[in-house]
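Read through the structure below, which is laid out as structure tokens, and then see the notes.
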Amino acid sequence: MSNLQQLHQQGVELQLAAGGAGEHRALIITLFGVFVAATLGITVWAGRQTKGAEDFYAGGRQFSGFQNGLAISGDYMSAASFLGIAGVIALFGYDGFLYSIGFLVAWLVALLLVAEPLRNSGRFTMGDVLAYRMRQRPVRTAAGTSTIVVSIFYLLAQMAGAGALVTLLLGITSEAGKILVVVIVGIVMILYVTIGGMKGTTWVQMVKAVLLIAGTLLITFLVALKFNFNISTLLGAAAENSGQGAAFLEPGLKYGATATSKIDFISLGIALVLGTAGLPHILIRFYTVPTAKAARKSVNWAIGIIGVFYLMTIALGFGAAALIKPDTITASNKSGNTAAPLLAEAIGGGAGSTGGAILLAVISAVAFATILAVVAGLTLASSSSFAHDLYVNVLRKGEASEKEEVGAARWATVGIGTVAIILGVFARGLNVAGLVALAFAVAASANLPTILYSLFWKRFTTQGALWSIYGGLVSSVFLVLFSPVVSGKETSMFPAADFDFFPLENPGLISIPLGFLLGWLGSLLSKEEPDVRKYAELEVRSLTGTGAH
Amino acid sequence: MSIAPSKDSGTHEPPDYREVQASEEFGELRRAHRSFAFPLTLAFILWYLVYVLLSSYAGGFMGTKLFGNVNVAFVLGVAQFVTTFLIAWWYSRHAAAKLDPKAEAIKTRLEGEA
């Protein structure tokens, strides 16, 4: 999320990369073209094996723990993590590091409490588990709504932010060119999902994760080589070159300014650590493996891969700070998003050198691959929930054939993809910070309480689930609407308007406890008794894997 | 000790989940999961919050240099990575030793050793 927050921090005027991205355009486009061609090939191959609902939604449940761990990493490490965190560290030093930590620690919630029971008791969507012991139609509707809201916000932010970034890296400045880039990203993503379903998308994530890790490893190694593998030397050089001295290596440059910004940071920290285990596009990945044990293994791999990746962002960020003047970074992009590509160029021999040009092109192509894979994962999550939760179980009351269901999911992909393209085109000019923050905060406020109560609290009722999902959803959206993200500040979506009565940019500090409180209160005040028979079934199945699909 | 009932052979009745849920065998599995996962979750969330609060409100302490240019903030940050890796490893070891055999035994019996 940080990434995107950074992407549009300064409004929208993304400027051309210094040193003329145009020179390397041909190489970047060629490398990216190779990636798209190869992944579309994989998608078509996977599509031939995608026949029933289990293939489309869950990739046939035949992936190994390692494969799924790699795919989870691919889904999770967005261009944002890669470019955004490196950028924040390059400009603000230590404060950027705080993001990496929140994003990683969050995985323990998924590992200890969510992944295995979810795999054991659900089939295709998050709604399967939320609605298990409840009245199906109202809870499915709520779960489907919150899945689609979270995914669309996340998707929209990726599309808008990614569109701007791609534009920047390719050096396209015309409005028509920028729109074209967003449309192309959208169309490729729709092709991945409609043709390849979960199987194709999972392979795309794996390929992307390998490329991203390889690219990051290469740059990290070159940076380490430059500083004789001495972390203290690297940090010292970064502090000196940044012009900030020791303060660059301490917390507070970005978030320590006022009492409000400090509380805002705590709010963001809570949303990060609790949001991950409620993100629908992450949760459905657990259905792609055959057993709960494999789900556990996949989270362990993901923690290892993502953890190593975030550790390398330290080398990327501080390396950029040490080797490139801050003025050069901000001249290229005010929020620092081009710090990693600029570092690649510098470490490869500098602007104008062949080595520099090649490394810049490679890293830029990796960033493109990253964007595409993440939007594909998000689109799959929302179209699955639309087809399985809303269309089949609510509209058709569970009376649809498997063929109709998969057909509905494919059409939903085209629909949601088109909506994302249109919104992405319009959102190019918007500050996307609120959108991504909202995705994490909504996931933690609306989804996580119901997931945990459903699995672990026997007195939880349908009313509790509905209060918690809708309460978390509405309160987080409402608070962001009246926060400085939307109005009142220079960096807001509507800088001219002024209706920001809620001072924090992230609503998590209020809306997450509210989601938990409402779930508890709604159950206590419920006239209807909890369904003890259904709870027994869910509890036994979720812990033992009996009757797992 | 009571054990989870087995499925009657030859019938297609689903297992009586309430009976299984109430059995001592299942109670042990639940306890083995909850008594490990719940306190540990609370602990790592508190440890993470302490880190976030220190970063926000204890700048001086965090800036203390330990060796070369490496300060307390950096070491604590890396420590969050290390504890995350360790907790993941520890939980997985616990699950393999204490949860999987119990879960497997109940599942096998309920599914009628098919």
Checklist entry - Using the count of nearby Cβ atoms within 10 Å as a rough guide to exposure, how do A:39, A:354, B:108 rank from fewest to most? => result A:354, B:108, A:39
Checklist entry - Considering only B:39, A:24, B:22, whose Cα is most displaced toward the positive end of the charge dipole of the protein assembly as shown, charges sitting on Cβ of Lys, Arg (+1) and Asp, Glu (-1)? => result B:22
Checklist entry - Pairing the Cα long axis of helix B:100-110 with the longest principal axis of chain B, what angle in degrees results, from 0 to 90 and rounded to the nearest 10? => result 30 degrees
Checklist entry - Roughly how tilted is helix A:508-524, in degrees to the nearest 10 and between 0 and 90, from the longest Cα axis of chain A? => result 0 degrees
Checklist entry - Summing -39500 (n - 2.57) over the DSSP H runs of n ≥ 4 in chain A and dividing by its residue number, what mean residue ellipticity at 222 nm do you reach, to the nearest 500 deg cm²/dmol? => result -23000 deg cm²/dmol
Next on the checklist: Could you compute the net charge surrounding residue A:457? Neighbours are other residues with a C-beta less than 15 Å from the C-beta of residue A:457; K and R count +1, D and E count -1.
Outcome noted: +3
Next on the checklist: Give the average, rounded to an integer, of partner chain Cβ atoms located within 10 angstrom of each Cβ in B:57-69.
Outcome noted: 4
Item to check | Cα-centred dipole magnitude for chain A, charges only on beta-carbon of K, R (+1) and D, E (-1), debye, nearest 20 | outcome: 1320 debye
Checklist entry - Roughly how many nanometres apart are two label points built 7 Å out from the Cα toward the Cβ at residue A:426 and residue A:228? => result 5.8 nm
Checklist outcome for this item: The FRET efficiency for residue A:246 and residue B:82, from their Cβ-Cβ distance with R0 = 22 Å and rounded to 0.05, is 0.35
Checklist outcome for this item: Charge dipole of chain A built from unit charges on the beta carbon (Lys, Arg +1; Asp, Glu -1), centred at mean Cα; most positive-end Cα among A:229, A:138, A:420 is A:138
Next on the checklist: What value in Å³ per residue do you get for the convex hull of the alpha-carbon atoms in the range B:17-110?
Outcome noted: 101 Å³
Checklist entry - Based on Cβ point charges of +1 for Lys and Arg and -1 for Asp and Glu, what charge dipole magnitude is obtained for the range A:46-136 about its Cα centre, in debye rounded to the nearest 20? => result 400 debye
Checklist entry - If you count, for every residue in B:72-78, the Cβ atoms of partner chains within 10 Å of its Cβ, what is the mean? => result 5
Checklist entry - At what distance in nm do the modelled label points of residue A:291 and residue A:489 sit from each other, each positioned 7 Å from its Cα along Cα→Cβ? => result 5.0 nm
Checklist outcome for this item: Quick note, the protein assembly as shown: a/c under 1.5 would make it rounded; otherwise a/b > b/c is prolate and the rest oblate (a ≥ b ≥ c, C-alpha gyration tensor); here it is prolate
Checklist entry - Loop-only check: which chymotrypsin sites (Phe, Trp or Tyr not before Pro) in the range A:461-528 are DSSP coil with at most 13 other Cβ within 10 angstrom? => result A:499, A:501
Item to check | Peptide B:89-100 - average C-beta neighbours from other chains (10 Å radius) | outcome: 3
Item to check | With at most 10 other Cβ atoms within 10 Å, longest stretch of chain A clear of loop trypsin sites (Lys or Arg not before Pro) (DSSP) | outcome: A:1-396
Checklist entry - All other residues with a Cβ under 15 Å from the Cβ of residue A:142 taken together, and with Lys, Arg as +1 and Asp, Glu as -1, what is their net charge? => result +2
Checklist outcome for this item: Between residue B:112 and residues 5 or more places away or on another chain, the pairs with built amide H atoms under 5 Å apart involve B:7
Checklist entry - Karplus couplings for the range A:356-366 from phi (6.51 cos²θ - 1.76 cosθ + 1.60, θ = phi - 60°), rounded to Hz, Gly and Pro as x? => result x, 5, 5, 5, 4, 5, 4, 5, 5, 5, 5
Checklist entry - Using a cut-off of 26 Å between alpha-carbon atoms, which lysines can reach residue A:208, once sequence neighbours fewer than 8 places away in the same chain are excluded? => result A:51, A:178, A:199, A:293, A:297
Checklist outcome for this item: Footprinting proxy, A:366, A:114: sorted fewest to most Cβ within 10 Å, the residues are A:114, A:366
Checklist outcome for this item: With the dipole of the protein assembly as shown defined by +1 on each Lys or Arg Cβ and -1 on each Asp or Glu Cβ, the option from B:83, A:87, A:242 whose Cα lies farthest towards the positive pole is B:83
Checklist entry - So which trypsin sites (Lys or Arg not before Pro) in the range B:12-92 pass both tests, a DSSP loop state and at most 15 other Cβ atoms within 10 Å of the Cβ? => result none
Next on the checklist: With a cap of 15 neighbouring Cβ atoms within 10 Å, and only residues DSSP puts in a loop, list the GluC sites (Glu not before Pro) found in the range A:451-549.
Outcome noted: A:490, A:528
Checklist outcome for this item: Length-normalised contact order of chain A, Cα under 8 Å, at least 6 apart, in percent, tallies to 30 percent
Checklist outcome for this item: Per the rule of 0.36 nm per residue minus the C-alpha distance, extending residue A:210 to residue A:34 adds in nm 61.8 nm
Item to check | Backbone HN-Hα couplings from phi across the range A:367-377 [Karplus 6.51/-1.76/1.60, Hz, Gly and Pro as x] | outcome: 4, 4, 4, 4, 4, 4, 5, 5, 5, 5, x
Item to check | ³J(HN,Hα), Karplus 6.51/-1.76/1.60, whole Hz, each residue of the range A:105-110, x for Gly, Pro | outcome: 4, 3, 5, 5, 4, 4
Item to check | Per-residue Cβ neighbour rank within 10 angstrom, fewest leading, A:75, A:327, A:95 | outcome: A:327, A:95, A:75
Checklist entry - Which residues does a label at residue A:331 reach in the range A:68-102, if reach means a backbone N under 17 Å from a point 7 Å past the Cα toward the Cβ? => result A:91
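Readers should treat all values here as calculations from the given coordinates under stated rules, not as data from a laboratory. Because the structure is predicted, anything quoted here is derived from the model rather than measured. Note: ideal-geometry Cβ built from the backbone for every residue, glycine included; neighbour counts use all protein chains shown.
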